[in-house]
1. What is the one condition in (1) under 15 Å from the mean Cα position of the chain (by Cα); (2) surrounded by 14 or more Cβ atoms within 10 Å (Cβ to Cβ) that Ala95 does not satisfy?
2. How many residues, within the stretch 17-42, are of a type outside the set (A, V, I, L, M, F, W, C) and within 13 Å of Gly87 (Cβ to Cβ)?
3. In the stretch 136-164, what count of residues is obtained for those that are over 22 Å from the mean Cα position of the chain (by Cα), more than 19 Å from Thr89 (Cα to Cα) and not aliphatic (A, V, I, L, M)?
4. Just give me the residues in the stretch 69-85 being over 15 Å from Trp16 (Cα atoms), surrounded by fewer than 22 Cβ atoms within 10 Å (Cβ to Cβ) and small (Gly, Ala, Ser), in sequence order.
5. State which residue is surrounded by the fewest Cβ atoms within 10 Å (Cβ to Cβ) when the search covers only the stretch 128-153 and only residues that are of a type in the set (Phe, Trp, Tyr) and within 24 Å of Leu58 (Cβ to Cβ).
6. Give the number of residues within the stretch 71-121 that are in a helix (DSSP H, G or I), among the aliphatic types (A, V, I, L, M) and more than 18 Å from Trp6 (Cα to Cα).
7. Being in contact (Cβ under 8 Å) with a residue 40 or more places away in the chain, under 18 Å from Ala70 (Cβ atoms) and either outside any loop (DSSP other than H, G, I, E, B) or among the acidic types (Asp, Glu) (or both) is the filter here, so list the residues in the stretch 12-49 that pass it.
Amino acid sequence: MLQTIWVLYTGYRYGWSNLQVGLSLACVGIMAVIVQGGLVRRIIARTGERRGLVAGLLVTAFAMAAYGTATRGWMIYGFILVGAWGGITGPAAQALITKHVPPNEQGAVQGSLSGLVGLAGIFAPVLAAWSFGKCIPRVPGIAFYEASLLILLALALALRSFRLDDRISSAL
């Protein structure tokens, strides 16, 4: 949802020019490279997949809500620096899933995950743009709040999955 309305949102809320929007997205990209390219392995090794997933989801949910709440454009850069740490979420989730699937089913699972990401890529932009358009004067950050809520829903489902997995493990 972030990429879908970033230009519209920052232009409307902060009056950002194309250059300012471009610089902010460059900052997002640079931080993603730093976290996902260099730090994910170390973070997950230290926290473990479960705690890495939970931390990543919490950080991302916070960042999304913060983007929607920020009253000044300069604040966005601080939230980008924090939000980038949510980049540990995907690798942690994939590591957890990989450990729970037999080797002969890895391809099917990875294909299913890619399909889900593709579906989200179809529906999230539509939802974000529609919500932003409907709520501009009252709640311009609505799409970011929606993203935050969806991430918290994912967190709740992950925690539920952990509990179920623990029950199965202890029963064996």
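1. (1)
2. Residues flagged as of a type outside the set (A, V, I, L, M, F, W, C) and within 13 Å of Gly87 (Cβ to Cβ) within the stretch 17-42 amount to 6.
3. Adding up the residues that qualify gives 2.
4. Across the stretch 69-85, the qualifying residue is only Gly78.
5. Here the residue is Tyr145.
6. Residues that pass the stated criteria total 12.
7. Of everything in the stretch 12-49, those that are in contact (Cβ under 8 Å) with a residue 40 or more places away in the chain, under 18 Å from Ala70 (Cβ atoms) and either outside any loop (DSSP other than H, G, I, E, B) or among the acidic types (Asp, Glu) (or both) turn out to be Tyr12, Arg13, Tyr14, Gln20, Ser24, Cys27, Val28, Met31.
Coordinate-derived values only; no laboratory data. Quick caveat: nothing in here was measured; it's all calculated off a predicted structure. Positions of Cβ are backbone-derived with ideal geometry, glycine not excepted, and every protein chain shown enters the neighbour counts.
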